[in-house]
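Reading through the structure tokens given below for one structure.
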Amino acid sequence: MTEEILNAYEVIKNGGIILYPTDTVWGIGCDATNEAAVEKIYKLKKRTENHNMICLMNGEKMVYNVFKEIPETAWQILDLSEHPTTVILDQPRNVAKNIIAADNSLGMRIVKEPFCFKLLERMKKPLVSTSANLSGQPTPKNFNEINIEIINGVDYVVNLYKEKTAGKPSTIIKLTLDNQVKVIRK
């Protein structure tokens, strides 16, 4: 695993995009602070920038670097969640502008999965995560279902967990600074 983390890190550090296993499904990712790398993902997925992507993070320090104000409800949801949960929060900062939604929000998920966690430790920055499919196509359940156009379009394919079948995508909950809560996906 260490070699895969180092290989993925080198690609990301140099502005590349990777295809990698997450704690839910296979994802396409890059440095969340690199606008040009984020643009490569939109192009590869044939997706417009108004379709949001999320960031994976590995702990409170990284979360507070991106979100100055975090509702207490967000921490409660994350602490109580038994399944990977993405929380959409308001007023992100220190990330590429083209991953921030039109309403000035951004989805984030704290990962515990070893590969992603250790890659984030090395990067010291959030990692973009979006499902490894072309826009409008179903989310692949395992590596073999990923469209060849996606595989050929990334700069690096992480060679881990290719035989694993993914669980369901994360739960998505939107929280606003004025304490509104909306479940987007269960």
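Accessible surface computed residue by residue for segment 62-136, with neighbouring protein chains in place and a 1.4 Å probe, gives 47 Å² per residue.
With the dipole of the chain worked out from charges on the C-beta (+1 for Lys and Arg, -1 for Asp and Glu) around the Cα centre, which of Met1, Pro92, Gly153 lies farthest toward the positive end? Value computed over the given set: Gly153.
Looking at segment 15-149, the DSSP beta bridges with both ends there are about 80 percent antiparallel. Here the spin labels are modelled as points 7 Å beyond Cα on the Cα-Cβ line, and at Val181 and Arg122 they lie 3.8 nm apart. Once you reduce segment 47-110 and segment 131-186 to the center of their Cα atoms, the two points are 16 Å from each other.
Just the number, please: carbon plus sulfur as a percent of the accessible area of segment 112-186, 1.4 Å probe, no ligands or DNA/RNA counted. Before the final figure, lay out the partial values.
Details: 2190 of 4380 Å².
Looking at segment 112-186 in its full context, I get 50 percent from C and S.
Across the options Thr22, Val111, Ser131, the greatest Cα extent toward the positive end of the charge dipole of the chain (unit charges at beta carbon of Lys, Arg, Asp, Glu) belongs to Ser131. Taking Cα centre as origin and charging only the Cβ of basic (Lys, Arg, +1) and acidic (Asp, Glu, -1) residues, the dipole magnitude of the chain rounds to 240 debye. Overall form of the chain: rounded. Here a/c, set by the Cα gyration tensor axes a ≥ b ≥ c, is under 1.5.
Once each of the GluC sites (Glu not before Pro) sitting in a DSSP loop with at most 11 other beta-carbon atoms within 10 Å is removed, the chain keeps 83-162 as its longest stretch.
What's the FRET efficiency of Ile77 with Ala102 using the Cβ-Cβ distance as r and R₀ = 22 Å, to the nearest 0.05? Provide the component values of the computation, followed by the final result.
Details: r = 23 Å, r/R0 = 1.07.
The value I calculate is 0.40.
The values are calculated or read from the model by the stated rules, or taken from the named source; none is laboratory data. None of the values given here were measured: they were computed from a predicted structure. FYI the Cβ positions are ideal-geometry reconstructions off the backbone, even for glycines, and counts take in every protein chain you see. All accessible areas refer to the heavy atoms of the entire protein, side chains included, with ligands and DNA or RNA removed. Shrake-Rupley method; radii C 1.70, N 1.55, O 1.52, S 1.80 Å.
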